[in-house]
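Rule-based calculations on the coordinates, nothing more; no lab input. Since the model is a prediction, treat every value here as computed from it, not as a measurement. Every residue, glycine among them, receives a Cβ derived from its backbone with ideal geometry; neighbour counts consider all protein chains shown.
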Protein chains: 2
Amino acid sequence: MPTDWYRNLTNSGVGGAITARAGLPRVPVLRRYEPGQPLLAGPALVGAVGKGALVDATRALLTESGATVVDAAGEEKLAAVVLDATGARTIADLAAAQAILTPAVRELGPSGRLLLLGPEPDETDAEAAAVAQALEGLVRSAGKEVRAGATANLLVVASEAVPAAVDSSVRFFLSARSAYVDGQVVHVGVPVGPPVDPAGMDAPVDRVRPLAGRIAVVTGAARGIGAAIVDTLARDGASIVAVDIPAAGEALATVANRTGGTALQLDITSDDAPRRLLDHLRERHGGVDIVVHNAGITRDKLLANMDADRWNAVLAVNLAAQLRINDALLTGTGVLRDTGRIICVASTSGIAGNRGQTNYAASKAGVIGMVRALAPRFAERGATINAIAPGFIETEMTAKMPLGTREAGRRINSLRQGGLPVDVAETVGWLGQAESGGVNGQAVRVCGQSILGA
Amino acid sequence: MPTDWYRNLTNSGVGGAITARAGLPRVPVLRRYEPGQPLLAGPALVGAVGKGALVDATRALLTESGATVVDAAGEEKLAAVVLDATGARTIADLAAAQAILTPAVRELGPSGRLLLLGPEPDETDAEAAAVAQALEGLVRSAGKEVRAGATANLLVVASEAVPAAVDSSVRFFLSARSAYVDGQVVHVGVPVGPPVDPAGMDAPVDRVRPLAGRIAVVTGAARGIGAAIVDTLARDGASIVAVDIPAAGEALATVANRTGGTALQLDITSDDAPRRLLDHLRERHGGVDIVVHNAGITRDKLLANMDADRWNAVLAVNLAAQLRINDALLTGTGVLRDTGRIICVASTSGIAGNRGQTNYAASKAGVIGMVRALAPRFAERGATINAIAPGFIETEMTAKMPLGTREAGRRINSLRQGGLPVDVAETVGWLGQAESGGVNGQAVRVCGQSILGA
């Protein structure tokens, strides 16, 4: 992984003093998750616009997690500010939100969390729909203002969603697991699958190993982001099936072995790949709970100079293979278990486009379109499918970039640094939980609120 | 209006030679619309993936406009490349699109137009849905590659839309009127209102004065973008009602008089503003065809330092006033005429968020949410409502920016320059046409494909 010399410099004793005196911005060191770590490193302020349907549940969640809940900032900097704005319907409600947020964000500490809960827009009431959307503009602007590694995100909560359905998402966005997820808007609806027994959802979840008992298959697992996903899901308790091409055999075995998982050498673009994968999962593991479509390639070239080989190779690996495996998961029986979670790695290039990447961007946009189309079909089976769009992540690939390109990529986001493979992996872990059934058909960026977008 | 010295330098004789030798990028001079100008300055290549439901209509449109249609690039650079990909459903179709586009974009000339026509995603077919979305990634990447003022855009056409419904949009995106509209995805559906008589739609339209006979009201009309909208709509044949606050009276009168329109001094945030505006339109003009909600203010401040006055002032002007006037237009009778067109000026800040602009971004995001919610209600009356989100536009406001901020704002888009007020105004003109009834509930950016987004 390439070293971010500038970040290290601004955080060293002498270097920090020099760069500060020169007026150069400090790159914050982000709080990242470690097993056993408390949810928050300090107190949380919880407020509401109007009644606040989720306020009590949020306070209970925080208290259960050992966090102190306060109504106003005190001596200690706030680790989190949570505003339940699900009841916001009028422009006056927006003003009420601002009145709560202004003094609170002033006291937000390092790696702090600004988390808004907003309503799904009521399309029958223009003011309410406008206000729901206005919260996006507010949160995305606030994300560009908060400092020292703090993030700002918005959960849009369906009115029918019970508080327990929002729990895993609130927990993720408040925790250090979401270190590099910033400026995002994620919809949380009624969980897929049969109605959940509230008693069951209130039952203690293993917070240290939230994926205990779950089988996870990860493609492109031999290195980079794929290997980090393997390590992170295993740390959270999942049993791993690590998949990569035969040429990556040795690295693949290393990754699989260190997590106690199994390795499967498979070219996912081969005709029989879906059948071989599903047979393996059925026969060796009795099924699968989490499928992470991570394998992807780039073959950059300007469109004017593109050739069919580059185009077809990228579309085959990044999109066609996912389509065929997903189809097999939907039509095959006895493989995808209840509370199945499909997670597809897309890219911010698929959202914003990128010079030299018409093929890659087309494939990754395609993944987002596929996820949206398949979400209702997986929901019928109690499963979800979501996309994750990483921005600039520090990998072997970015290490090979020219220095200028790499430096620009690192700095043009609200956190002023590249993300780490583990940041993508933690997001996979959240979406992979059985408790995350309220999130379906979404594309979540892991990009530190990159300025790049559409 | 501030001068773009750098653009002028790179386009001057000596300065251009020096900057070119220094390896500095040239900032293209964009072809802009002038009455009587041919639609295209050179030949157009028209291709199709599969059958191409819109190919014949596109060729006819081009021929009628005096353009030469070719099947392959020849001696002369192409002024436009149009690909009808509405039939694209498979990954093989995407490869066919690439095979057509690669040799074509190589020959695209200055201020060229790459225009793709794509299908609405078929959500029952995951591959087709993926392919529909993939076209977005392709177009947005291509927009970042094409040079010399060329643009790339995608019209997503509903399968039920007859070719004539797409006509005004194809024409706009090919013409010099869309000089600064780049990297956009616009949906075109069945036109709102009673079924259109195809014979009537094929009847000759006044191409030089497409808004002839239409009454247009423009708020914030005294200067900047508002004044440009007035001038442009009047040039296209509309009768103008120019609205601004009483304090802008003199400038307002000047703008109104030079177009032969009338001026209305009105504080749009006052309680009786909707009634007064509608009374004026009903009594003095017999109704209105085009309503342009352009009035807007900024009161920048970090959220941590925000005060209620700044917050409320921005929300009142930018959002609440629009909501109240739109409500009056919907509920009042005898004012909004058939083929009414409501056009709301939003901002890229409402999409991406902006530091120091939580209030402004909330208001402009709110406009986009309002537009989406009101679109079906206006459609019931044969009317449409759309938002335009300008990016960096050269105005008195941007002239007051610090040099560094202004230079950055100008260059971080695919056209490497700020837009002009007229670029926003031309987009208003397109949406204001009676023939643009297939575009409803959309947010169209006028930003030169700014890299800023969400």
query: Cβ under 15 Å from A:I268's Cβ, A:I268 left aside: what net charge do those residues give with Lys, Arg +1 and Asp, Glu -1?
result: -3
message: Please report the equivalent ellipsoid semi-axes of the range A:96-163, computed as sqrt(5 x eigenvalue) of the Cα gyration tensor, largest first, in whole Å.
response: 24, 13, 10
- prompt: Counting Lys +1, Arg +1, Asp -1, Glu -1, what net charge surrounds A:D300 among other residues with beta carbon under 10 Å of its beta carbon?
  reply: +4
- prompt: FRET efficiency for A:D206 and A:Q37, Cβ-Cβ distance as r, R0 = 22 Å, nearest 0.05?
  reply: 0.90
query: Tell me, B:I368, A:I100, B:I18 in order of fewest to most beta-carbon neighbours within 10 Å?
result: B:I18, A:I100, B:I368
task: Put a label point 7 Å from Cα along the Cβ direction on A:R381, then list its distances to the equivalent points in the other copies in nm, shortest first.
output: 4.8
Test item: Cα-centred dipole of chain B, Lys/Arg +1 and Asp/Glu -1 on Cβ, debye: 1340 debye
message: Suppose only helical runs count, i.e. DSSP H with n ≥ 4. What mean residue ellipticity at 222 nm does that imply for the protein assembly as shown under -39500 (n - 2.57) per run, divided by all residues and rounded to the nearest 500 deg cm²/dmol?
response: -12000 deg cm²/dmol
statement: quick shape note, the range A:285-415: Cα extents on principal axes in Å, largest first -> 49, 37, 26
- request: Hey, could you get me the Stokes-Einstein D for chain B, Kirkwood radius over alpha-carbon pairs, 25 °C and 0.890 mPa s, rounded to whole µm² s⁻¹?
  value: 109 µm²/s
query: Relative to a virtual label point 7 Å from the Cα of B:T68 in the Cα→beta-carbon direction, which members of the range B:89-109 show backbone nitrogen distances below 16 Å?
result: B:107-109
- line: For the range A:215-446 (alpha-carbon point model, no solvent) the Debye-based log₁₀ I(q)/I(0) at q = 0.10, 0.16, 0.17 Å⁻¹ works out to -0.42, -1.13, -1.28
- prompt: How far apart are the B:A72 label points across copies, placing each 7 Å from Cα toward Cβ, in nm, shortest first?
  reply: 7.8
- line: Over 30 Å (Cα to Cα) among A:K77/A:K144; A:K364/A:K400; A:K144/B:K400; B:K77/B:K364; B:K77/B:K400 -> B:K77/B:K364; B:K77/B:K400
statement: Computed over the range A:43-188, the convex hull of the Cα set has an average projected area, in nm², of 7.6 nm²
D (Stokes-Einstein, µm²/s), Kirkwood Cα radius, the protein assembly as shown, 0.692 mPa s at 37 °C: 116 µm²/s
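Starting from the Cα gyration tensor of the range B:124-191, multiply each eigenvalue by 5, take the square root, and state the resulting semi-axes largest first in whole Å.
Numbers: eigenvalues 96, 68, 8 Å².
So the three semi-axes of the range B:124-191 are 22, 18, 6 Å.
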About the Cα centre, charge dipole magnitude for the range A:117-187 (Lys/Arg +1, Asp/Glu -1 at Cβ), debye: 600 debye
query: Can you list, shortest first and in nm, the gaps between the label point of B:S12 and those of its counterparts in the other copies, using a point 7 Å from Cα in the C-beta direction?
result: 4.6
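Give me the net charge of A:A176's neighbourhood, meaning all other residues with Cβ under 12 Å from the Cβ of A:A176; Lys, Arg count +1, Asp, Glu -1.
With Lys, Arg at +1 and Asp, Glu at -1, the net is +2.
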- prompt: Taking one equal scatterer on every alpha-carbon of the range A:29-76, how large is log10 of I(q)/I(0) by Debye at q = 0.33 1/Å?
  reply: -1.21
task: Report the label-to-label distance for A:A328 and A:A22 in nanometres (one decimal), using points 7 Å from each Cα along the Cα→Cβ vector.
output: 5.4 nm
- prompt: Where in the range B:234-256 does the label zone of B:R275 land, with the point 7 angstrom along Cα→C-beta and an amide N cut-off under 19 Å?
  reply: none
statement: For peptide A:300-311, the mean count of other chain Cβ atoms within 10 Å per residue Cβ is 5
message: Per q in 0.18 Å⁻¹, report the Debye log10 I(q)/I(0) for the range A:1-95, using one uniform scatterer on each alpha carbon and no solvent.
response: -0.89
- prompt: According to the Kirkwood expression over distinct Cα-Cα pairs, how big is the hydrodynamic radius of the range A:174-299, in Å?
  reply: 16.2 Å
field: For the B-to-A rotation axis, chain B residue with nearest beta carbon and its distance in angstrom
entry: B:G453, 1
